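The block underneath contains the structure these notes are about, expressed in structure tokens.
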Amino acid sequence: MPRNAHFRFKQFTVRQDQCAMKVCTDACVLGAWAEVEDADRILDIGAGTGLLSLMVAQRNSYAMIDAVEIDAEAFYQAGENVEQSPFHDRITLFHSAVQEFVSDHLYDVIITNPPFFQSDLLSPIDKKNIAHHAKSLDFEELLVAIERLLKPEGKFNILFPVDEGERFVEKAENAGWKLTRKLTLFHQEDKKAFRLLMLFQHAEFAHNVHIEPDLYIYGTDGITHDPRFRELLKAFYLKF
């Protein structure tokens, strides 16, 4: 098996040879950072390998998790990863576009690492387009789906590149959402920020806004992991 065909965590393994989007550090940060602790029902939009669903299931020991994935090969691989995990009885996968996904219930929490780079040139590879670009799911469609599937008092956690994230905040606020928590992620202190992790609620249920201190993956040497990053991921990464 090729070296990058799987990624082993402390409590589960993510096989990824059939998925366009591999396990990446920013998605791991989202899985460890997202507010999911008090939720009974959680929805993962764009499940990919199943990484976020598995991380959320580890952090919340009782929630039932539904995960939606449009790409057939990713859907089947996520199913393999879930089935071989300790959390298989609490995660249900659906092969569907979220725009067409119908649920019998509303969710307390949504988590998503959606297609992004809406303004970039498209890759000639269709799978990469779906995974990296908002070709199959734009901001407006995503917000409509979240509005339809989330409880009125619910929360959604989302990850974007910085420029895309700033544009998304404007769209979300115009649609009646309020940004209540934000984390800016850097590779290291002397580099530009590369991801925004954000939590939104309907404005009438939102109270304080919590802007967290910037998070750095590495220290100034670019090799040693930052202590706060290690603390956040220590429940998941084998080397921590």
Exercise. Residue check, residue 53 against (1) part of a helix (DSSP H, G or I); (2) at pLDDT below 95, all met but one. Which one?
Worked result: (2)
Exercise. When you look at residue 95, is it at pLDDT 95 or above, within 27 Å of residue 61 (Cβ to Cβ) and more than 16 Å from the chain's Cα centre (by Cα), yes or no?
Worked result: yes
Problem set entry | Residue ID - least open to solvent (accessible area, probe 1.4 Å), chosen from residues in the range 146-182 that are touching a His at 6+ places or on another chain (Cβ under 9 Å) and under 30 Å from residue 221 (Cβ atoms) | 181
Exercise. Can you tell me which residues in the range 68-85 are in contact with a helix residue (DSSP H, G or I) (Cβ under 8 Å, 6 or more places away or on another chain) and in a loop (DSSP other than H, G, I, E, B)?
Worked result: 70, 71, 85
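Might you let me know whether the range 55-71 holds any residue that is of a type in the set (S, T, N, Q) and in contact with a Pro (Cβ under 9 Å, 6 or more places away or on another chain)?
Within the range 55-71, the first condition is being of a type in the set (S, T, N, Q), and the residues that meet it are 58, 60-61.
So of that shortlist, the ones also in contact with a Pro (Cβ under 9 Å, 6 or more places away or on another chain) come out as 58.
Yes: one or more hits.
The values are calculated or read from the model by the stated rules, or taken from the named source; none is laboratory data. Only a predicted model underlies this, so the values are computations on that prediction, with no experimental measurement involved. Counting neighbours? That spans all protein chains shown, and the Cβs are built from the backbone with ideal geometry, glycine included. We work out accessible area using only protein heavy atoms, side chains counted, and drop any ligands, DNA or RNA first. Shrake-Rupley method; radii C 1.70, N 1.55, O 1.52, S 1.80 Å.
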